[in-house]
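**Q** The following block contains the structure, expressed as structure tokens.
The values are calculated or read from the model by the stated rules, or taken from the named source; none is laboratory data. What you are looking at is a predicted structure, and each value in this text was computed from that prediction instead of being measured. Positions of Cβ are backbone-derived with ideal geometry, glycine not excepted, and every protein chain shown enters the neighbour counts. Heavy atoms of the whole protein, side chains included, go into the accessibility calculation; ligands, DNA and RNA do not. Shrake-Rupley method; radii C 1.70, N 1.55, O 1.52, S 1.80 Å.
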Amino acid sequence: MPDGRIPRGHARTVLGDVSVPELGRVNAHEHGFQVSPLLPGDELDDEAKSTEEFRLLAESGFESVIDATPVGLGRRPAALARIAMAAGLHIVATTGMHRDAHYGADHPLALLSAEERGELFAADIEEGMPADDTDDDRSDVRAGLAKVGVDYWRISPSEAATIEGIAHAHSRTGVPVMVHLEFCTAAHEVLDRFESLGVPSSRILLAHADRDPDPGLHLDLMDRGAFLGYDGMARPRTRSDAELLDLTERVVASGPNRVLLGGDVARASRYVAYGGMPGLRYLGDRYLPRLRERIGEDAVRTMLVANPAAFLGGPQ
């Protein structure tokens, strides 16, 4: 069995560990597969269609992508490895658990203790994810990221147990951590909990930070060392692209650039290969040209290349 700890300066992908300079341009938040009771009828569960969508992502200018689907939401690790080969992408897969709403009180995962969760997450990273999340037989495809989701201004007891479990897995493997936030609420509280458990903010990516376009809040979080995920483009019902461009310009002009970019398209009705729109090409083809006009190529490259390398690879 290969060493379970992720080597410093490397990312653990579904095809093996790679040096972070090999990652190139990274889309920091997408989903190859996802099945959740929150998204009935909008599941990502077709390997051929997901393969085609990830090919479109690669064609739009990305060499790597973080697949942010955690335990219990339809992960298919062997299929994800096949997609990586077919699309020519480095794919970092995810362990951990999402916020409670994705599971329900009677879900078996909700009954696990913090210690049991930590062992489960560490095994996904060290040994390999189960071929199916309901199966104990593990594949040889390993996770390279641990994720927790927390609710709107609330960290439930179960979500707190996931934070503890991830902290255990981090101490054992060095895995980087993604946090799903609801409109960027409870961001400081999550960082406080992780720091108290020995996980530095510099190894944490706060996803969906741009859902609250508050430059002051974002600068405070980055001053603590956290990375921020801006992944709300193409969602004008929440925030328009114009608002996100304004936010990004103000943040980059005022403090450290610790932003990573993703699309988090996440639904069949929004994947071109599944018959929807705008698809995974939107970020590269339609949003990034506008962002480059606002903040320049160097700042965008930092978001796509340098920041993902630092987040995934750890301190150099």
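**Q** Given the Cα atoms of segment 24-108, and with Rh set as the inverse mean 1/r over their pairs in the Kirkwood sense, what is Rg to Rh to two decimals?
**A** For segment 24-108, the value is 0.99.
**Q** State, in angstrom, two size descriptors of segment 215-260 derived from its alpha carbons: Rg to one decimal place and Dmax to the nearest whole number.
**A** Radius of gyration, then largest Cα-Cα span, for segment 215-260: 10.7, 30 Å.
**Q** Next question. According to the square roots a ≥ b ≥ c of the eigenvalues of the Cα gyration tensor, what is the shape class of segment 193-316, taking rounded for a/c under 1.5, prolate for a/b larger than b/c otherwise, and oblate for the remainder?
**A** Prolate shape, in that a/c is at least 1.5 and a/b is the bigger ratio.
**Q** Same structure again: Provide the net charge surrounding C184, with neighbours chosen by a C-beta distance below 9 Å and charges set as Lys +1, Arg +1, Asp -1, Glu -1.
**A** -3
**Q** Principal axes first, then extents: for the Cα atoms of the chain, list largest minus smallest coordinate on each axis, whole Å, largest first.
**A** Projected onto its principal axes, the Cα set of the chain covers 49, 43, 38 Å.
**Q** Let me ask something additional. What base-10 log of the normalised intensity I(q)/I(0) is obtained for segment 242-296 from the Debye formula, alpha carbons as equal point scatterers, at q = 0.15, 0.27, 0.31 Å⁻¹?
**A** -0.51, -1.06, -1.22
**Q** Here is a further query. Could you compute the FRET efficiency for K49 and M277, with r as their C-beta to C-beta distance and R0 at 22 Å, rounded to 0.05?
**A** Using R0 = 22 Å, I get an efficiency of 0.95.
**Q** Here is a further query. For every helix of n ≥ 4 consecutive DSSP H residues, a contribution of -39,500 (n - 2.57) applies; sum these over the chain, divide by its total residues, and give [θ] at 222 nm rounded to the nearest 500 deg cm²/dmol.
**A** After summing the helix terms and dividing by residue count, I get -10000 deg cm²/dmol.
**Q** Exposed loop chymotrypsin sites (Phe, Trp or Tyr not before Pro) only (DSSP loop, at most 16 other Cβ atoms within 10 Å): please give the longest stretch of the chain free of them, not including the sites.
**A** Excluding the exposed sites themselves, the longest stretch runs over 1-151.
**Q** Solvent-accessible area per residue for the chain at a 1.4 Å probe radius, Å²?
**A** Per-residue accessible area for the chain comes out at 38 Å².
**Q** Based on DSSP H assignment, which helices of the chain show an axial Cα extent of at least 30 Å together with a mean Kyte-Doolittle hydropathy greater than or equal to 0.0?
**A** Helix filter hits for the chain: none.
**Q** Report Rg (one decimal) and Dmax (nearest whole number) for segment 127-261, counting Cα atoms only, units Å.
**A** Considering segment 127-261 through its Cα atoms, Rg and Dmax are 16.0, 50 Å.
**Q** Could you work out the relative contact order of the chain? I mean the mean sequence separation of Cα pairs under 8 Å and 6+ apart, divided by the number of residues, in percent.
**A** 21
**Q** Using the Cα gyration tensor of segment 127-205, with a ≥ b ≥ c the square roots of its eigenvalues, what is the shape: rounded (a/c below 1.5), prolate (a/b larger than b/c) or oblate (neither)?
**A** prolate
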